[in-house]
Amino acid sequence: MAASKRASNQAPTSTGTSTELRGQGDELHQLAGGSHPPLTTNQGIAVSDNQNSLRAGARGPTLLEDFVLREKIMHFDHERIPERIVHARGTGAHGYFELTNSLSRYTTAKILTEVGHKTPVFTRFSTVAGGAGSVDTPRDVRGFAVKFYTKEGNWDLVGNNIPVFFIQDAIKFPDLIHAVKMEPDRGFPQAASAHDTFWDFISLTPESMHMIMWAMSDRTIPRSLRMIEGFGIHSFRLLDEQGQSTFVKFHWRPKLGLQSHIWDEAVKVAGADPDFQRRDMFEAISNGDFPEWELGVQLFTEEDAAGFPFDHLDPTKLIPEELVPLQVIGRMVLDRWPDNFFAETEQVAYCPANIPPGIDFSNDPLLQGRLFSYLDTQLSRLGSANFHQLPINAPKCPFHNNQRDGHMQSQVPKGRVAYEPSSLQEDSPRETRTGFRSHATADDGLKGRLRAESFADHYSQARLFYRSQSKPEQAHIASALVFELSKVETAHVRDAVTGHLRHIDPDLAQRVADGLGMDALPAAPATAFEPIDMKPSPAIQLIGKMKDTLQGRSVGILVSEGSDAGAVAAIQKAVKSAGGLTKIVAPKLGITLSDGRKITAAGQLAGTPSFIFDAVAIVLTPEAGNSLAKDSAAIDFISNAWAHLKAIASDAGAQPLLKAGSVGKDTGVVDAGDMTAFISAAKVRQWLREPKLRALA
Ligand code: HDD
């Protein structure tokens with residue numbers, strides 16, 4: 001049978017008659033099993049042979065007449081659409097938003113007033129700088145874009161995992177992006193900010209300093225997309241029945257709490273699994289472990305804003321939660337993976353200008369520029385003004401207007417009226433009183449290319465951020481700056497950035513200068529605004545927002561031939577009851593434990609390093625312990641777990657391996673018999689271990 005299958009698949013088959021060719025298709029059909037519909041061209045013509053093109057003789061030329069071939073290749077040639085100029089690498093999922101607390105005092109928007117209603121959403125997470133094929137774990141801001149298909153039209157909240165942005169005015173966006181992307185002469189580095197052009201731009205753009213603090217923190221190397229916050233960044237408005245306005249900032253808070261990689265881990269994960277975060281999201285949703293976020297709002301009035309020591313219209317500023325508390329109003333659950341990556345995740349088109357009645361924009365100049373950019377980019381990416389008709393983009397409420405025709409029109413409007421006003425057709429669409437209205441503001445300033453003086457303070461909130469961090473977080477920020485600047489070849493750029501740091505925090509500047517081996521601190525640039533000290537905000541810590549849980553985390557259990565089945569089962573049980581997942585890793589996929597049971601490991605050791613787990617357990621016979629102590633993959637497994645500050649449980653047999661991996665002693669290194677100690681150690685990183693093993697700035 002195998003031989004005949006090979007023979008029938010061999011191409012080309014002699015001077016096959018059409019009968020022979022059909023026979024081959026039928027055979028393949030039977031081999032696959034089931035009742036498949038006939039393969040057709042896009043015109044619905046059934047295809048009899050999908051293996052051989054039409055030729056003049058078995059060894060002759062292919063004929064132009066072969067419409068099956070030409071249609072197939074033409075379509076293939078056009079399979080790609082332009083990738084997003086930013087945020088090209090992304091992962092999306094379907095789900096719903098459920099309102100838990102009504103904002104009816106402030107807005108007429110139904111999505112924010114109808115408690116209990118579940119609004120469908122499609123949410124896409126992304127990195128910013130890399131191309132569509134880049135890795136998931138570079139140091140980068142993460143996009144957090146939510147399309148709510150509300151009853152009153154689509155609302156797109158197109159945010160990031162950081163509450164502020166690099167620049168104050170949209171006119172600088174192309175410069176920022178050109179600076180961070182691959183340098184144009186050499187075409188590298190891909191998905192990395194650690195290069196001259198990025199830091200050159202930053203050194204000349206003091207308004208970016210606050211964002212730089214966030215970007216250099218571990219926020220930009222998240223462990224999982226399920227463990228990031230999201231922010232709408234700009235102030236928006238809520239409008240009530242009378243058109244009264246209240247300002248609002250939107251925040252997403254992950255149910256699993258925040259967790260990030262440490263830098264060395266992120267770098268290694270990039271090699272081990274370029275799709276790490278996409279896979280993590282896919283597996284979580286497939287396991288029914290649905291990612292979830294709370295939606296919180298900060299509400300404030302024009303009068304409140306007048307009392308803030310910063311301008312809330314400046315997107316490089318956040319409003320500390322200690323100043324305007326966060327009120328949780330709902331939750332978003334992502335419970336369905338897309339059926340098709342291209343049709344949904346690639347073709348989804350977000351636009352911050354999509355908002356339902358009852359929500360409105362503020363004058364944030366970055367937001368104002370974005371309102372133009374996204375619609376324009378969709379035209380170039382999706383190639384037609386009808387991109388809104390694609391299923392992933394179409395509103396789920398009725399929509400009608402007099403826009404007509406255009407490329408790829410898929411609607412078939414009826415009737416003779418395609419204009420307004422009209423009197424010829426009863427059901428032609430008309431404007432409505434409850435339609436979208438803009439807040440009536442009296443903005444009558446002088447026309448000019450201006451920047452408000454209230455936007456001049458570039459350092460106070462950068463200082464606020466740095467000083468609000470815990471000690472390990474501050475060390476990571478300083479070390480990230482040293483790392484990034486050490487990749488910058490131009491000395492004056494390194495100096496200029498370090499000079500800015502002096503305005504943020506002199507100690508930070510000194511740490512970075514020391515880390516770079518500078519002889520003296522470079523001069524601080526002149527500043528129009530003397531930074532002020534703000535009260536530290538613990539709410540902007542990352543470590544402070546880690547949850548004491550194993551939920552959403554995973555433990556790798558390294559076993560080998562004859563490992564103690566009872567110990568393995570005990571670890572699996574303890575981790576499961578703490579809400580975590582376990583995966584068995586072994587030198588070979590098929591492995592027999594001490595009870596004689598043959599199991600299939602989830603990962604083979606050489607391809608399943610410890611950095612894809614949150615904690616590890618090692619259960620080995622003395623023989624296996626001795627032999628793995630000479631195996632570099634096993635040594636890397638354990639030494640990386642130690643270096644990445646993870647909890648390690650091990651039995652007696654594993655000790656030679658721990659020794660070979662230079663594992664030391666601390667509260668995170670426990671006996672495999674003590675699951676209570678292991679579970680509590682596995683919930684956190686062993687921060688106290690870090691200074692012992694890594695030179696941080
Ligand atoms: Fe943007 C995509 C977030 C400023 C122009 N942006 C894009 C995406 C996110 C953001 C999450 C990906 C959406 C998706 O998943 O498809 N962008 C932001 C945030 C900003 C921001 C949080 C500042 C607060 N963006 C910004 C400015 C401009 C753009 C100032 C232009 C003036 N952004 C774009 C774009 C993109 C985009 C070129 C590329 C692909 C797309 O829109 O659909 O239009």
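The values are calculated or read from the model by the stated rules, or taken from the named source; none is laboratory data. This one's a predicted model, so the numbers in the text were calculated from it and none came from an experiment. Here the Cβ positions follow ideal geometry from the backbone for every residue, glycine too, while neighbour counts run over all protein chains shown. Just so you know, the surface numbers come from the protein's heavy atoms only, side chains and all, with ligands and any DNA or RNA stripped out. Shrake-Rupley method; radii C 1.70, N 1.55, O 1.52, S 1.80 Å.
Of note:
- Of the beta bridges in the chain, as assigned by DSSP with both residues counted there, near 75 percent are antiparallel.
- Cα-based reach from Lys151 at 19 Å (exclusive), listing aspartates and glutamates while leaving out same-chain residues under 8 positions away: Glu98, Glu114, Asp240, Glu241, Asp360, Glu431
- Cross-link pairs Lys118/Lys547; Lys396/Lys576; Lys255/Lys396; Lys181/Lys583; Lys576/Lys659 - those with Cα-Cα distance over 31 Å: Lys396/Lys576; Lys181/Lys583
- Residues Ser639, Ser102, sorted by accessible area with the largest first, give Ser102, Ser639 [1.4 Å probe; ligands and nucleic acids excluded].
- A straight line joining the Cα centroids of segment 502-546 and segment 361-403 runs 40 Å.
- C-alpha center-to-center spacing [segment 82-114, segment 279-295] in angstrom: 17
- Between segment 324-349 and segment 638-692, the C-alpha centres lie 37 angstrom from each other.
- In terms of accessible area, using a 1.4 Å probe and ignoring ligands and nucleic acids, His492, His388, His195 rank largest first as His492, His388, His195.
- Look at the alpha carbon pairs under 8 Å that are at least 6 residues apart: their mean separation over the length of segment 69-216 gives a relative contact order of 19 percent.
- For Arg511, solvent-accessible area (1.4 Å; no DNA, RNA or ligand), Å²: 60
- Three-way shape call for the chain based on the alpha-carbon gyration tensor, with the a/c threshold at 1.5: oblate
- Ranking by accessible area, most exposed first, for Arg219, Arg430, Arg467, Arg253 with a 1.4 Å probe: Arg430, Arg467, Arg253, Arg219
- Dipole of segment 218-346, positive direction: furthest Cα of Met332, Gly296, Trp263, with charges on the beta-carbon: Trp263
- Only helices enter the 222 nm calculation for the chain: every DSSP H run of n ≥ 4 contributes -39,500 (n - 2.57), and dividing by all residues gives -8500 deg cm²/dmol, rounded to 500.
- The chain, relative contact order [Cα under 8 Å, separation at least 6], %: 11
- Here Arg278 sits with roughly 50 square angstrom of accessible surface, probe radius 1.4 Å.
- Surface composition of the chain: carbon plus sulfur atoms hold 54% of the accessible area, using a 1.4 angstrom probe and ignoring ligands, DNA and RNA.
- His36 accessible area, 1.4 Å probe, all protein chains in place, Å² to nearest 10: 100
- Distant-in-sequence amide H partners of Val670 (H built 1.01 Å from N, under 5 Å): Ile648, Ala649, Ser650
- Count Lys and Arg as plus one, Asp and Glu as minus one, and take only other residues whose Cβ is under 10 Å from that of Phe529; the net charge is then -3.
- Remark: the Cα gyration tensor places segment 457-543 in the oblate category, a/c being 1.5 or greater and a/b not exceeding b/c.
- Straight-line reach from Lys447: taking Cα to Cα under 23 Å and skipping same-chain neighbours fewer than 8 places apart, the lysines in range are Lys172.
- Average Cα contact separation per residue, segment 582-697, under 8 Å, 6 or more apart, as relative contact order %: 22
- Rolling a 1.4 Å probe across the protein heavy atoms gives the chain an accessible surface of 47 Å² per residue.
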